[in-house]
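**Q** Have a look at this one before I ask anything.
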Amino acid sequence: MRVALYTRVSTHDQQTLPLQQESLREYAKRRGWDVVREVSEVASGAAGVKRPQREELLQAAKRRQVDAILVWRLDRWGRSVADLVNSLAELEAVGVAFVSVTEALDLTTPAGRAMAAMVAVFAQFEREILKERVKAGIAQAKAKGKPMGRPQTAAKQVQTIRALHRQGLSQAEIARRLGIGRTSVRRLLTLPPP
């Protein structure tokens, strides 16, 4: 089996990189797998932080240049449960296995695939709980009379917009002078006067 090793450290945790690499090499050797690629990144696992080496490895997996990806721990690969589940689903879709050595999550085995399915269920549960919390927060804010949505900046200038339009200015010129969108100007000019 052709495997790729993926290791990552944050900029504050660089001393574990050799430990991760050696552990993955030993695991691959014990399994009799050929290491065809080793990828190491020094990057935060926080959302929004680019990890180009990981993306390149995912692309290599999609091109079937590797049969499995080995990581030291799940948190070295995934930013969140949702990110982990999505990336594992991508790998599964192209027939590439995934192994996390320290958590003994091995998607090359039936038990490992069952564990991944359970992780997916918990990720979905996490998303549903988050949706419910957001809806409850919005309902509570509405009940307290807090304004929802974008602030009505253009609507506050309806009198100025009408006055400029009466002076013969085009909608585009009004929008430019007031720093608002032409669509807002057009919409407010079609409203009936108060």
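**Q** In the stretch 93-142, how many residues are among the polar types (S, T, N, Q) and closer than 22 Å to residue 26 by Cβ?
**A** Total satisfying the criteria: 4.
**Q** Would you mind finding the one in 50, 29 that is free of Cβ contacts under 8 Å to residues at least 12 places away in the same chain and in contact with a strand residue (DSSP E or B) (Cβ under 9 Å, 6 or more places away or on another chain)?
**A** Just a single option satisfies the conditions, and that option is 29.
**Q** If the requirement is being among the small types (Gly, Ala, Ser), in contact with a strand residue (DSSP E or B) (Cβ under 8 Å, 6 or more places away or on another chain) and surrounded by 15 or more Cβ atoms within 10 Å (Cβ to Cβ), which of these qualifies: 78, 112?
**A** 112
**Q** Next question. Only residues in the stretch 90-106 that are within 21 Å of residue 59 (Cα to Cα) count as the first member; pair them with residues that are small (Gly, Ala, Ser), Cβ under 7 angstrom, at least 6 apart or cross-chain, and list the lot.
**A** Close Cβ pairs satisfying both conditions: 91/61; 94/61; 96/61; 96/68; 97/68; 98/68; 99/68; 106/112.
**Q** List the pairs whose first member sits in the stretch 145-165 and is surrounded by 13 or more Cβ atoms within 10 Å (Cβ to Cβ), whose second member is assigned to a loop (DSSP other than H, G, I, E, B) and of a type in the set (Gly, Ala, Ser), and whose Cβ atoms are under 9 Å apart, counting only residues at least 6 apart or on separate chains?
**A** Correct list of pairs: 154/181; 161/154.
**Q** Please go through the stretch 52-72 and pick out each residue that is part of a loop (DSSP other than H, G, I, E, B) and surrounded by fewer than 17 Cβ atoms within 10 Å (Cβ to Cβ).
**A** Listed by number, the residues that qualify are 63, 64, 65.
**Q** Picking from 135, 142, which residue would you name as being part of a helix (DSSP H, G or I), surrounded by 11 or more Cβ atoms within 10 Å (Cβ to Cβ) and out of contact with any helix residue (DSSP H, G or I) (no Cβ under 6 Å at 6 or more places or on another chain)?
**A** Matching residue, one of 135, 142: 142.
Just so you know, all these numbers are worked out from the coordinates, no wet-lab data involved. Here the structure is a predicted model, which means the values were calculated and not measured. Don't worry about glycine lacking a Cβ; one is built from the backbone with ideal geometry, like all the others, and counts go over all protein chains shown.
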